[in-house]
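Reviewing the structure listed below.
The values are calculated or read from the model by the stated rules, or taken from the named source; none is laboratory data. Computed from a prediction, not measured in an experiment: that's the story for all the values here. Here the Cβ positions follow ideal geometry from the backbone for every residue, glycine too, while neighbour counts run over all protein chains shown.
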Ligand code: SER
């Protein structure tokens, strides 16, 4: 049975049983505890916690999931996918254990002709939580399972929570026995490769605190209702129903392996080491494409880093399979073809996806080249020192800085005839992991402070946002938070967070900066300088009580700083225009990757398949945008359905979190975009938009910055003044300036060169005087002198030779010093008669070089060197004379 069909049957089964079908949430749902959505229940979390009323009592979804915790297991076991689809059914206070068990059992065991999966009931096993007699009993009654196929397991296996404070509950899992050829007898307790888990039924009833019931800590509370959250692994069911060996060989994943076989000329199944590589490629290609599809671009932290790591592992695995050409685009095409029946945006958005993978691959191949150089140098040094093993810190550096996995380093080292200090490498990796864990923990603790906001949300509900139309409102304070704790009142001078029942203040989001303003009550004022939404639905005004005492329940006037809001809104509207302009000129692949709308200025990041945007395009976009301003187009915002928004071509970033109702902002006919931000009413209000710069901020992502309105005008005005001043100074018309300045610069260069030459000639012509001034030191003619600053090493050498020549057949030593920019160069030359008396230039150097903080060396006739202390030159001259006298 095809994977798409497995998913379809699941949905059908539960829709028939009264569940509302809910589409998969984006992989990057806005949950601060998660990098990626990793379970079907994530989008329903507020319903479990009772933070929001569930819109339906029962739901079913096929959720895209990413889990990268076990990335090193990928390809080595039969069942670890970094991307997978979790099919789930959910009950919010509706049916509980009996209903969940019955629904699951029916779907799993009813025949394929009857729309089920047709698993043989005699090969199914289940597990229940230690003391969950109720579940065990239900399995006996409903499924008729014998006691020996109902195993009890501890919290580690049979308690489920999100790994952070939140909903949780005991669970019960369904396993399929693949047969004795796959491992030991004894049920899931004995062997999870032979007994493959396909479905987890969670009886969601607890609130988990900082410590998990998985480790035996009691829950800290009960959820308001008893719920059901289940997750069936679609890929695992596919593995079983398609009779293949592992999740990588199922219909949607295996085609990538075939493509990799074509590239490499090697065959899957021929060599166990290669097979792991093939499977890594297939798994990662799919996760990578799905993650990019949801709007993530490769980067050095967070989600971007996970994505980068996945893509780079593909490229490296391909190299290890002997492929040297670019592969990512081709693998991405296979993934698109397999996955787009369920996720059509992969096809419509493919140009952007493939631009991102190509850029990342290019960047990595360069890194790989640089890393290989480091590797080669390290190998050469190791061999030269007679070593047989590459140091652990080198392997770690290659891993950490150049993204070389240890297996790549091992393989390259073995080709070079070396071993690698793997132990040393692992110790360093372990240290790094400990640091990363400490970081993650610190972040989670920060998140623990959400309690105070949640409490306000629980009692007062969502904050009503009035700011699209109003800039002031009469509101009531429903919560005050000081240092993360809810308080009834806050006195003058206190840094406070104020929650209102309704507010005109815009909380930072979607690239738009927060409003500022003031909240006035009877006898008190709060100056607001930041507005955030730390939990969905709640707007928190951050600021300081400037006088009086703010109290909960007080009626206040909330007043937005209109100047700031106006400037930020202008920037936001300008960003939409720039986005539309870029798309028009660069194609749909130029999709927004981030933005900042600040007063008077904006930053817009976007993917650009073709690299830098030519100046001519920037000019055209700027021109066009300003024409839209001049036409004074109406800016309209309206709410519509997601489908309608797509139909009218509204730009949206797939994967952003949009509900079914979306807000569309359009500016005349030029731009139409999904957006929750605030905007001007007419494009003419923007006045002027000036693009400032365009640059790269990472592989395939470009950034433009621009000024808007009066800030744009002031910028141009300043430039105008500058140009006028220059024109005045150069006595030229502005348009003649480039040529005029170019001419001046060129003349200056020639003059400097000339001056240099004159100086060198003067120095060289001093040879006669220097030779004449030779001292007699114990029968040796010594010329020891500091010559003027700025004489180059070459000139100094030439001068020393000239002086030496003038000393003729006498024993003579010439030592010249020149200081430039805080550095000293020196040259020592000896005549042959001096050398006959044992005076070798190279040997003299150590006698005086330390005096100028330097060193040097050379042959008996000529030596040179340098130092870093010009003030030591006189001491060095003395030291040289003494050395000659002592010889
Ligand atoms: N939340 C549970 C899991 O992820 C069941 O959906 O396994």
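Here are the numbers for this structure:
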read-out: Residue within segment 65-73 that is at pLDDT 90 or above, within 14 Å of the ligand (Cβ to nearest atom) and surrounded by 20 or more Cβ atoms within 10 Å (Cβ to Cβ) present; value: yes
read-out: Among the candidates 11, 20, 33, residue that is surrounded by fewer than 22 Cβ atoms within 10 Å (Cβ to Cβ) and closer than 27 Å to residue 308 by Cα; value: 33
read-out: Residue that is nearest to the ligand (Cβ to nearest atom), among those in segment 38-64 that are under 31 Å from the mean Cα position of the chain (by Cα) and in a loop (DSSP other than H, G, I, E, B); value: 39
read-out: From the options 879, 829, residue that is in contact with a helix residue (DSSP H, G or I) (Cβ under 9 Å, 6 or more places away or on another chain) and in a helix (DSSP H, G or I); value: 879
read-out: Count of residues meeting criterion [farther than 25 Å from residue 244 by Cβ and touching a strand residue (DSSP E or B) at 6+ places or on another chain (Cβ under 8 Å)] in segment 77-104; value: 13
read-out: Within segment 107-129, considering residues that are without any contact (Cβ under 8 Å) to a residue 40 or more places away in the chain and touching a strand residue (DSSP E or B) at 6+ places or on another chain (Cβ under 9 Å), the one surrounded by the most Cβ atoms within 10 Å (Cβ to Cβ); value: 109
read-out: Members of segment 74-106 found to be within 34 Å of the chain's Cα centre (by Cα), within 14 Å of the ligand (Cβ to nearest atom) and modelled with pLDDT of 95 or more, listed by number; value: 84, 85, 86, 87, 88, 89, 90
read-out: Which numbered condition residue 538 fails, given (1) in contact with a helix residue (DSSP H, G or I) (Cβ under 6 Å, 6 or more places away or on another chain); (2) in a strand (DSSP E or B); value: (2)
read-out: Failed condition for residue 624, given (1) touching a residue at least 24 places away in the same chain (Cβ under 8 Å); (2) touching a strand residue (DSSP E or B) at 6+ places or on another chain (Cβ under 9 Å); value: (2)
read-out: Sole residue being in contact (Cβ under 8 Å) with a residue 40 or more places away in the chain and either surrounded by 21 or more Cβ atoms within 10 Å (Cβ to Cβ) or within 22 Å of residue 289 (Cβ to Cβ) (or both), chosen from 407, 337; value: 337
read-out: Subset of segment 39-62 (residues that are more than 22 Å from residue 459 (Cβ to Cβ) and free of Cβ contacts under 8 Å to residues at least 40 places away in the same chain); value: 43, 56, 57
read-out: Conditions (1) touching a strand residue (DSSP E or B) at 6+ places or on another chain (Cβ under 8 Å); (2) more than 15 Å from the ligand (Cβ to nearest atom); (3) farther than 26 Å from residue 296 by Cα: number failed by residue 23; value: (3)
read-out: Strands (runs of 3 or more DSSP E) wholly inside segment 143-203 containing at least 3 residues that are within 14 Å of the ligand (Cβ to nearest atom), out of contact with any strand residue (DSSP E or B) (no Cβ under 9 Å at 6 or more places or on another chain) and touching a residue at least 24 places away in the same chain (Cβ under 8 Å); value: none
read-out: Test: residue 383 is at pLDDT 90 or above, surrounded by 13 or more Cβ atoms within 10 Å (Cβ to Cβ), over 30 Å from residue 535 (Cα atoms) and out of contact with any helix residue (DSSP H, G or I) (no Cβ under 9 Å at 6 or more places or on another chain); value: yes
read-out: Total residues in segment 500-530, condition within 32 Å of the chain's Cα centre (by Cα) and not in a loop (DSSP other than H, G, I, E, B); value: 5
read-out: Selected residue (criterion: farthest from residue 236 (Cα to Cα)) from residues of segment 207-219 that are surrounded by 20 or more Cβ atoms within 10 Å (Cβ to Cβ) and either without any contact (Cβ under 8 Å) to a residue 40 or more places away in the chain or out of contact with any helix residue (DSSP H, G or I) (no Cβ under 7 Å at 6 or more places or on another chain) (or both); value: 208
read-out: Lone unmet requirement of (1) in contact with a helix residue (DSSP H, G or I) (Cβ under 9 Å, 6 or more places away or on another chain); (2) free of Cβ contacts under 8 Å to residues at least 40 places away in the same chain; (3) surrounded by 13 or more Cβ atoms within 10 Å (Cβ to Cβ) for residue 370; value: (3)
read-out: Residue in segment 10-18 that is within 16 Å of the ligand (Cβ to nearest atom), assigned to a helix (DSSP H, G or I) and out of contact with any helix residue (DSSP H, G or I) (no Cβ under 9 Å at 6 or more places or on another chain) present; value: yes
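Let's see how each residue does on (1) at pLDDT below 95; (2) within 30 Å of residue 877 (Cα to Cα); (3) exposed (fewer than 14 other Cβ atoms within 10 Å of the Cβ):
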| residue | (1), (2), (3) |
| --- | --- |
| 691 | no, no, no |
| 694 | yes, no, no |
| 701 | yes, no, no |
| 712 | no, no, no |
| 730 | yes, no, no |
| 735 | yes, no, yes |
| 752 | yes, no, yes |
| 767 | yes, yes, no |
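For every residue, the table says whether it meets (1) touching a strand residue (DSSP E or B) at 6+ places or on another chain (Cβ under 8 Å); (2) crowded, with 21+ Cβ neighbours inside 10 Å; (3) touching a residue at least 40 places away in the same chain (Cβ under 8 Å).
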{"position": "227", "(1), (2), (3)": "yes, yes, yes"}
{"position": "237", "(1), (2), (3)": "yes, yes, yes"}
{"position": "240", "(1), (2), (3)": "yes, no, yes"}
{"position": "245", "(1), (2), (3)": "no, no, yes"}
{"position": "249", "(1), (2), (3)": "no, no, no"}
{"position": "252", "(1), (2), (3)": "no, yes, yes"}
{"position": "266", "(1), (2), (3)": "no, no, yes"}
{"position": "269", "(1), (2), (3)": "no, no, no"}
{"position": "293", "(1), (2), (3)": "no, yes, yes"}
